[in-house]
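Below is one structure, written out as structure tokens, with a few remarks after it.
Quick note: the coordinates plus some simple rules give every number you see, no bench work behind them. Keep in mind the model is a prediction, meaning the values are calculated, not measured. Glycine also receives a Cβ, built like all others from the backbone with ideal geometry; neighbour counts cover every protein chain displayed.
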Amino acid sequence: MTDLDHLACGCDVNEVIEQVADGRAGQLTEHQRDCPACQAALQEFSRLWEPVRRLAAEPVPVPAGIKAAVASQIGKLVSDVWYTLHLAEAGALRIAARVVAKVAGDAASTAPGVTVAFGRSTHRKIAGPAEKATLRHDYRHAAIGVLGSTAVIDLAVAVKYGHRLDAVAREVQRRAIAAVRAKTGLQDITVNVTVDDIVA
Amino acid sequence: MISDVEDTYLVQRAQEGYQDAYAELTDRHGRLAYRVALRLLGNHHDAEDVAQEALITAWQRLPGFSAKSSFSTWLYQIVTRRALNRISRTRTTEPLDLVGDVPDQASGPGDTAVQRGAAEAVVRAITALPPQQRVAIVLHHFEGLPNAEVARITGSTVPAVRSHLFRGRRKLTKTLQEWR
């Protein structure tokens with residue numbers, strides 16, 4: 001039957017297979033209601049396509065490591081050389097700027113009225129030129145000075161509908177500063193909050 | 001809740017340098033990338049590689065993403081192209097333990113074995129299809145996308161997609177008939 005282009009009644013085999021494959025085998029046309037050739041073809045193709053439909057409906061278990069692997073690869077691709085810097089007698093202590101931004105973002109997410117908050121450090125615009133300028137320095141991180149003991153953080157915040165935006169933004173700022181101080185030891189912190197969406 | 005915000009919001013934030021926004025997009029769409037790669041390539045190892053490559057490529061190209069299409073459509077495009085590249089490089093794909101334990105909807109172990117055999121036959125039949133037919137079958141019949149969306153993803157036309165589907169379905173049906 002699958003070698004023929006048309007059934008005995010003249011109907012196109014491809015059209016009948018399409019009807020079955022799209023899950024419309026039960027929706028008979030007027031012709032098909034009275035046509036034994038079409039009905040036999042519909043039954044046969046339905047049997048053949050059953051394993052396809054079953055496989056398509058089967059959930060595909062996704063390897064757990066994909067997200068982490070992607071994040072790790074992206075982390076390597078981002079030439080983020082910006083750190084906080086504490087010079088101690090035993091050596092330098094550095095915390096990556098993106099980690100500081102993450103701490104701030106996570107703290108901001110806990111403020112009432114916040115749907116989602118993301119943090120980033122604000123070095124991006126000057127990172128390229130600064131890196132180029134200090135490419136030959138032996139101690140690039142220290143030479144740039146980077147954030148030193150100062151952090152300037154941008155927070156993008158989506159707020160739930162019905163909340164006072166300025167009040168939410170102030171609370172976001174307060175929580176972010178407190179969390180960064182508590183978790184990184186930084187004291188001189190500026191947090192810029194942008195409410196960029198309202199979510200119902 | 002982060003699940004309340006739409007992809008477009010996350011895409012904009014990711015474009016502005018908020019890496020956590022892209023992590024959320026990866027979380028939402030990693031399943032799609034892996035699932036399509038698996039159906040197109042026929043083995044877990046290549047599918048995992050291609051899904052990861054596609055998600056990293058999407059991140060790298062994010063600055064140029066103009067949001068004319070949805071993020072998922074765009075990701076479908078990237079995954080499909082990556083998978084096609086791999087198919088053209090390797091030419092032969094050998095399905096490796098592709099089918100998990102088929103849920104026991106039948107009465108006994110014999111029926112389950114038959115279902116598993118049938119599922120493996122489907123996987124082999126799909127991976128034996130020419131690439132364009134394979135893509136059309138996977139996107140339309142496995143991902144449930146309409147022909148117009150498949151055409152957008154493959155950079156083709158609706159009549160061309162229909163033609164690939166007709167021929168792919170015909171071959172698939174014939175192979176399954178021989179298997180039985």
Legend entry - Order by protection proxy (mean Cβ within 10 Å, highest first), peptides B:114-121, B:132-139: B:132-139, B:114-121
Legend entry - Amide H contacts of A:VAL152 (H built 1.01 Å from N, under 5 Å, at least 5 apart or other chain): A:THR122, A:THR190
Inset, instruction - Sum up the charges of everything whose Cβ sits under 10 Å from the Cβ of B:THR73, counting Lys and Arg as +1 and Asp and Glu as -1, but leave B:THR73 out. - result: +1
Legend entry - Helical segments meeting 15 Å axial Cα length and Kyte-Doolittle -1.0 threshold in chain B (DSSP H): B:19-41, B:44-61, B:71-90, B:109-127, B:158-179
Inset, instruction - Starting at the first residue of the range A:17-33, write each ³J(HN,Hα) from the Karplus equation 6.51 cos²θ - 1.76 cosθ + 1.60 with θ = phi - 60°, in whole Hz, x for Gly and Pro. - result: 4, 4, 4, 5, 4, 7, x, 10, 4, x, 8, 6, 6, 4, 4, 5, 4
Inset, instruction - Report the paramagnetic label zone for A:LEU93: residues of the range A:167-200 whose backbone N is under 18 Å from a point 7 Å from Cα along the Cα-to-Cβ axis. - result: A:178-189
Inset, instruction - Mind checking B:162-172 for the average number of partner chain beta-carbons within 10 Å of each residue's beta-carbon? - result: 4
Inset, instruction - Note down the Stokes-Einstein diffusion coefficient of chain B in µm²/s, whole number, using a Kirkwood radius over alpha carbon pairs, 25 °C, and 0.890 mPa s. - result: 140
Inset, instruction - Please give the contour-minus-distance gain from B:LYS174 to B:THR73: 0.36 nm per residue of separation, less the Cα-Cα distance, rounded to one decimal in nm. - result: 33.3 nm
Inset, instruction - Starting from the amide H of A:THR115, placed 1.01 Å from N in the peptide plane, find each other amide H under 5 Å away whose residue is 5 or more places distant or on another chain. - result: A:ALA158, A:VAL159, A:LYS160
Inset, instruction - Take every residue in peptide A:104-111, count the Cβ atoms of other chains within 10 Å of its Cβ, and give the average of those counts. - result: 1
Inset, instruction - May I ask you to derive the FRET efficiency for A:GLN73 and A:ARG47 from their Cβ-Cβ distance with R0 = 41 Å, giving the value to the nearest 0.05? - result: 0.35
Inset, instruction - Run through all the Cα pairs of the range A:13-57 and give the fraction in each 5 Å bin from 0, expressed as whole percent. - result: 5, 25, 35, 21, 8, 4, 1
Legend entry - Residue mean of other protein chain beta carbons inside 10 Å, B:31-39: 3
Inset, instruction - Grab the Cα-Cα distance for B:SER88 and B:ALA128, subtract it from 0.36 nm times how many residues apart they are, and report the gain in nm with one decimal. - result: 13.1 nm
Legend entry - A:ALA167/B:THR8 FRET efficiency (R0 30 Å; Cβ-Cβ; nearest 0.05): 0.70
Legend entry - Two-site FRET efficiency, A:LEU4 against B:VAL114, from Cβ-Cβ distance with R₀ of 22 Å, rounded to 0.05: 0.20
Legend entry - Cross-link pairs beyond the 29 Å C-alpha cut-off, checked among A:LYS67/B:LYS68; A:LYS67/A:LYS102; A:LYS160/A:LYS183; A:LYS76/A:LYS183; A:LYS160/B:LYS68; A:LYS76/A:LYS160: A:LYS76/A:LYS160
